[in-house]
Amino acid sequence: MSPLQWRVRPVLPIAKLLGAVALVVLVSAFGHGDPVQWFIAIAVAIALAGWAARDLIAPVRLSADTSGITMVVGLVRRRHVAWPQIERVRVDRRDRMGLRSRFLEIDTGESLHLFSVHELGTEPEEVAEALNALRANAPR
């Protein structure tokens, strides 16, 4: 059986790179040589470009097979966790100030891993269902 994979949507790194370019263009058009505005704009543009680079270098954020789950932790490091080490897979829903957020939550006992809809490329509920079904059928 091939592993299930969830990845960042391709439009996200493109949008981040376009945002970095737009920020520099806007400051060059309206900055009037202010060094503080340039410093802030370049710092934010570098951060956006780095964030986009992470999406391009490690687009698959989560994969699963009968042995367990492999996920990206940190910037691009991958960590494999066997099914017996996973205590819980669920969707964390929060409503705050009129905004609703949903994250896939993978609890390994020693660490908690959260994945947003943007990192997974699909709804966290669908991923949780697939992971729990795969976990139930995994050899023990």
Looking for something touching a residue at least 24 places away in the same chain (Cβ under 8 Å), under 23 Å from SER2 (Cα atoms), surrounded by 15 or more Cβ atoms within 10 Å (Cβ to Cβ) and of a type in the set (Phe, Trp, Tyr) - is there at least one such residue anywhere in the range 31-52?
no
For the range 97-133, give me each residue that is part of a strand (DSSP E or B), closer than 26 Å to VAL11 by Cβ and without any contact (Cβ under 8 Å) to a residue 60 or more places away in the chain.
LEU99, ARG100, SER101, ARG102, PHE103, LEU104, GLU105, ILE106, HIS113, LEU114, SER116
Within the range 1-46, can you find the residues that are in contact with a strand residue (DSSP E or B) (Cβ under 7 Å, 6 or more places away or on another chain) and part of a helix (DSSP H, G or I)?
none
Can you pull out the residues in the range 53-96 that are within 21 Å of ILE14 (Cα to Cα) and either surrounded by 13 or more Cβ atoms within 10 Å (Cβ to Cβ) or in contact with a Phe, Trp or Tyr (Cβ under 7 Å, 6 or more places away or on another chain) (or both)?
ALA53, ARG54, ASP55, LEU56, ALA58, PRO59, VAL60, ARG61, LEU62, VAL72
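Just so you know, all these numbers are worked out from the coordinates, no wet-lab data involved. The structure presented is a predicted model; accordingly, all values stated were derived computationally and were not measured. We place every Cβ from the backbone using ideal geometry, glycine too, and count neighbours over all the protein chains shown.
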